[in-house]
1. Can you tell me which residues in segment 96-128 are part of a strand (DSSP E or B), open to solvent by 20 Å² or more (accessible area, probe 1.4 Å) and either over 21 Å from residue 29 (Cα atoms) or without any contact (Cβ under 8 Å) to a residue 60 or more places away in the chain (or both)?
2. Take the residues in segment 1-28 that are open to solvent by 60 Å² or more (accessible area, probe 1.4 Å) and among the charged types (D, E, K, R); name whichever of them is modelled with the highest pLDDT.
3. Right, residue 77: open to solvent by less than 40 Å² (accessible area, probe 1.4 Å), under 24 Å from residue 147 (Cα atoms) and at pLDDT below 95 or not?
4. Checking the structure you have, find out if any residue of segment 76-88 is among the small types (Gly, Ala, Ser) and assigned to a loop (DSSP other than H, G, I, E, B).
5. Quickly run through segment 100-131 and pick out the residues that are touching a Ser or Thr at 6+ places or on another chain (Cβ under 7 Å) and of a type in the set (Asp, Glu).
6. Taking only pairs six or more apart or across chains, which ones have beta-carbon atoms under 9 Å, a first residue in segment 129-145 that is open to solvent by less than 50 Å² (accessible area, probe 1.4 Å), and a second residue that is charged (D, E, K, R)?
7. Taking segment 35-58, which residues are open to solvent by 10 Å² or more (accessible area, probe 1.4 Å) and touching an Asp or Glu at 6+ places or on another chain (Cβ under 6 Å)?
Amino acid sequence: MRQKLILTFITPMILVEVASAAMADTDTKGPFTFAKTNTSVFFYAAPPVNGEATIDGVQLQPGDVVAAFVNKDSVNDLCIGAWEVTTTGAYGSMAAYGDDPTTGEKDGAYGGEIVKFKIWQKDTDIISYAVPQGPDSTVWTSDGSVFNVGLAATSGISADSNGVRKDVFSQ
């Protein structure tokens, strides 16, 4: 929950109120940390009928983490939610949080932004970009929307937890 602290100081002839910036609660899954705001959409994949999540064609394993991102700036991505896999090949329903306009910085998705995905493999400690396989869109729309999005990642294309790309192709 967000908290706003207002301190009132009384000095001779002056009443001063100092409001601290609203701070979002944060959560961490694997290497990904994100703000939990008051709006979110949800992403999931549940094989065999509703897609699956894979790396190099192999289903994700319990302990792996799927994370959702939007652009933070021209270089970095912003993690807006993550889900630790508990069922082989499946993830979600993962909350992907929207921006809170009461904070001083971008802490979630704006309506209309395209959501990107990354997968952290627990056993290799590698973060890989994941390509959405549908069938639903990956556009952050309105609070409460639910999207079925299968994911396919290739272990040779990876990123650090801030979204900076690094290729780790073996030779």
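The values are calculated or read from the model by the stated rules, or taken from the named source; none is laboratory data. This one's a predicted model, so the numbers in the text were calculated from it and none came from an experiment. With ideal geometry, Cβ positions are generated from the backbone for all residues, glycine too; neighbour counts draw on all protein chains shown. Accessible surface is based on the protein model in full, side chains and every heavy atom, while ligands, DNA and RNA are left aside. Shrake-Rupley method; radii C 1.70, N 1.55, O 1.52, S 1.80 Å.
1. Correct list: 114, 116, 126.
2. Among them, the one singled out is 25.
3. Working: open to solvent by less than 40 Å² (accessible area, probe 1.4 Å): yes; under 24 Å from residue 147 (Cα atoms): yes; at pLDDT below 95: yes.
So residue 77 fits the description; yes.
4. Step one: filter segment 76-88 for residues among the small types (Gly, Ala, Ser), giving 81-82.
Subsequent filtering for residues that are assigned to a loop (DSSP other than H, G, I, E, B) retains none.
Within segment 76-88, none of the residues are among the small types (Gly, Ala, Ser) and assigned to a loop (DSSP other than H, G, I, E, B).
5. 100, 107
6. 130/116; 130/118; 138/116; 139/113; 140/113
7. 35, 36, 37, 39
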